[in-house]
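What follows is a set of notes on a single structure, which appears directly below.
The values are calculated or read from the model by the stated rules, or taken from the named source; none is laboratory data. These numbers were taken from a predicted model, which means no experiment stands behind them. Ideal geometry is used to build each Cβ from the backbone, glycine not excepted, and the neighbour counts take in all protein chains shown.
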Amino acid sequence: MQANTTIDEVLTTIWHLLYRGAVQKKDPLHTATIGTIQEGTPQLRTVVLRKTDTTARTLYFYTDIRSRKVHQLKENSTLSWLFYHPKKNVQIRAKGKTTIHHQDDLTATLWKSLPSYGRKTYGTTHAPSTPLNTLSDDLPALWKAEEIELAATEYAYENFAVIGCEIDELEWLHLQRSGHQRAQFSFLNGDWKGSWIVP
Ligand SMILES: Cc1cc2nc3c(=O)[nH]c(=O)nc-3n(C[C@H](O)[C@H](O)[C@H](O)COP(=O)(O)O)c2cc1C
């Protein structure tokens, strides 16, 4: 960023990058590391950034309602996000409160748009993280067919969840040889307050 870049311009850039990450599959911000808390211990994993609603300040990912992360979010709804863009040398950290969507209008609409291969993740017989006696994908036999009827995948809808995270804290770090740059933002009283901080 140029030396005369304003803090508001950085905020706009962050949301632009997050928007692009959601819509472009090959973008480095299309996947993120998300952090939840389980009994005081941070738990991290990769997810796909499915949608960025810049107006609602909300990031979305899909998951299995039976997964550990959902149990953790029910205990503590705060979620942390970590993004890294290697070409731009930019790291973005985001934090917010989550809403778990399950068998509601949003999940119904998104489920309809998922092709059968996209539904496979939610179709395991047992909950994610259940111990197995042998190496297995734990999918019913129907998934082995060459062509899968969409109707046959409907059973997995009950496992499909969409997590929305309303972001209220953002942090931007830009690494560059001439000197690193860093800024933080908090959403307070209906507005973003930004400040420069030591990188
Ligand atoms: C590239 C990649 C993308 C992933 N995307 C998702 C995702 O969008 N949603 C999800 O629940 N898990 C996704 N996973 C799997 C998670 O990282 C994790 O292993 C799984 O969700 C179980 O996490 P949990 O036990 O903490 O709930 C992805 C993994 C990788 C490697």
Subject >> Selected residue (only one of SER67, SER116 is surrounded by 12 or more Cβ atoms within 10 Å (Cβ to Cβ), within 25 Å of ALA152 (Cβ to Cβ), of a type in the set (S, T, N, Q) and within 15 Å of the chain's Cα centre (by Cα)) >> reply: SER67
Original post:
Which residues, counting only those in region 127-156, are assigned to a helix (DSSP H, G or I), modelled with pLDDT of 95 or more and not hydrophobic (A, V, I, L, M, F, W, C)?
Top reply: THR153, GLU154, TYR155
Original post:
Which of the residues spanning region 28-60 are more than 8 Å from the ligand (Cβ to nearest atom), at negative phi, in a loop (DSSP other than H, G, I, E, B) and in contact (Cβ under 8 Å) with a residue 60 or more places away in the chain?
Top reply: ALA56
Original post:
What are the residue pairs meeting all of these: first residue in region 118-130, first residue closer than 16 Å to ARG50 by Cα, second residue assigned to a helix (DSSP H, G or I), Cβ atoms under 7 Å, and 6 or more apart or on different chains?
Top reply: ARG119/THR153; ARG119/ALA156; TYR122/ALA156; TYR122/ASN159
